[in-house]
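Just so you know, all these numbers are worked out from the coordinates, no wet-lab data involved. Please read all numbers here as calculations on a predicted model, not as lab measurements. With ideal geometry, Cβ positions are generated from the backbone for all residues, glycine too; neighbour counts draw on all protein chains shown.
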Amino acid sequence: MCEERFDDIESEMLGDKIEIFISREHRFGTDAFLLADFAGGRHKDYVCDLCTGSGIVALLTYKNFLPAHIDAVEIQQKAHKLLKMTVEKNGIDCITPVLADLKDYRSGRELDLITCNPPYKISGTGAKNDDRAVSLARHEVMCTIEDVCKAAARNLKFGGRLCICQRPERLADIITAMKNSGLEPKRLRTVHKNPEGAPWLILIEGRKGARPFMAIEKPLFVCGQGGEPSEEMQRIYGAG
């Protein structure tokens, strides 16, 4: 295994108040903003973000919804260090960076909400990156969608929510994994680059112990007809 580099750490601003530390391997994209907005949250919620990476979804959840507490679980040492640097730099005491395998994670309390931006690709499919950290983030090497759903079911309260973003081709896998773990798929939203294109991302919510019924929400378009960010994306980025 290659040694991790720590000489490439830099920072970006979330809005004008939160400075987040990132590295070459541990960055974030549009999907993190979409997931945090889709999941929402309440002031009193106890939350966990699995596969947190540099902590972007946890930080957006904190910034936009101010929940009671957030555990941010990550298995990679460098990503964990980045989030520790971020919470210390910004004086955020309601986010706890947790260095752990999500298969072993126990929250110590029943949670209201779990978010996860998991690896998108099944292990053994697609081209893997030579960088192990990048491969772990993109391929199901250390965890599968089944592992994510089992971890969520173990830590959520009855009626608690798991919100995931994934590629559309994994929809059947997600629904199967949720149902097998006692999480009922309740909301689904597709994300499109523009009104003419097929979806490139899905956002899905499962509830622990809920009855079968899934609402299909209106599509989210990242760009408008002219290629500029849509009004909804402007709102989502503005909140970030």
**Report entry** Equivalent ellipsoid semi-axes, the stretch 20-84, via Cα gyration tensor eigenvalues times 5, rooted, Å
**Finding:** 20, 13, 9
**Report entry** Given charges at Cβ of Lys, Arg, Asp, Glu: the chain dipole, positive-most of SER230, GLY29, LEU50
**Finding:** LEU50
Query raised in the report: Roughly how many nanometres apart are two label points built 7 Å out from the Cα toward the Cβ at ARG167 and LEU188?
Result: 1.8
Report task. Would you mind calculating the gained length between ALA100 and ARG42 on full extension (0.36 nm times residue separation, minus the Cα-Cα distance), in nm to one decimal? Result -> 18.3 nm
Query - Cβ-based charge dipole, the chain, positive-most Cα from ALA39, ASN155, VAL87 - result: ASN155
Query raised in the report: Pick from GLY29, GLY41, GLY206: which residue has the top mean-square fluctuation in a GNM of the chain where Cα pairs under 10 Å get a spring?
Result: GLY29
Report summary line: Given pairs LYS44/LYS208; LYS17/LYS157; LYS157/LYS186; LYS103/LYS186 and cut-off 22 Å on Cα-Cα distance, the over-length ones are LYS17/LYS157; LYS103/LYS186
Query raised in the report: Longest span of the chain, sites excluded, free of chymotrypsin sites (Phe, Trp or Tyr not before Pro) in DSSP loop with at most 13 other C-beta atoms within 10 Å?
Result: 7-212
Query raised in the report: How big is the stretch 183-237 in terms of Cα radius of gyration and Dmax, in angstroms?
Result: 13.5, 43
**Report entry** Whole-number percent relative contact order across the chain, with pairs defined as alpha carbons under 8 Å at least 6 apart
**Finding:** 16
Query raised in the report: Of GLU25, GLU169, GLU217, which has the largest mean-square fluctuation in a 10 Å C-alpha GNM of the chain?
Result: GLU217
